[in-house]
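What follows is a single structure, written as structure tokens, with notes after it.
The values are calculated or read from the model by the stated rules, or taken from the named source; none is laboratory data. Model, not experiment: these values are computed from the prediction. Because the Cβ atoms are built from the backbone with ideal geometry, glycine has one as well, and the counts that use them run over all protein chains shown.
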Amino acid sequence: MLQKTDPSIAERAKEIYQDRLRANLEATDPDKFVAIEPESGDHFVGVTLSEAIGKSRKKHPERLAHVIRVGHRAAVHFGMHLQ
């Protein structure tokens, strides 16, 4: 069962993204979301954050994944746009 968030999950997922996935995903799936399960190295692409997480949870229901938006610094952005 999922307990609490392990900060190393995000760190390991980001390393997998940079080292193995970034170049290919930025060419084939820009602006989509990728959930990376760092224990296995499996990744799951979705048009929405929910879709990517859902795919990850379906295969690894007891593991946490970290989501990255392909080609962006953050998965989601909250804030104002000033002109």
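Within the stretch 39-54, being in contact with a His (Cβ under 9 Å, 6 or more places away or on another chain) and either surrounded by fewer than 21 Cβ atoms within 10 Å (Cβ to Cβ) or modelled with pLDDT under 95 (or both) holds for E39, S40, D42. Annotation: of all residues in the stretch 4-22 being of a type in the set (K, R) and farther than 15 Å from A74 by Cα, the one that is nearest to the chain's Cα centre (by Cα) is R12. Under the condition of being surrounded by fewer than 13 Cβ atoms within 10 Å (Cβ to Cβ), free of Cβ contacts under 8 Å to residues at least 40 places away in the same chain and not in a helix (DSSP H, G or I), the residues counted in the stretch 55-71 number 1. Within the stretch 21-38, the residues that satisfy the criterion of being among the hydrophobic types (A, V, I, L, M, F, W, C) and surrounded by fewer than 16 Cβ atoms within 10 Å (Cβ to Cβ) are A23, A27.
Residues that are outside any loop (DSSP other than H, G, I, E, B) and either more than 11 Å from the chain's Cα centre (by Cα) or among the aromatic types (F, W, Y) (or both) were ranked within the stretch 23-45; the one that is nearest to P61 (Cα to Cα) is F44.
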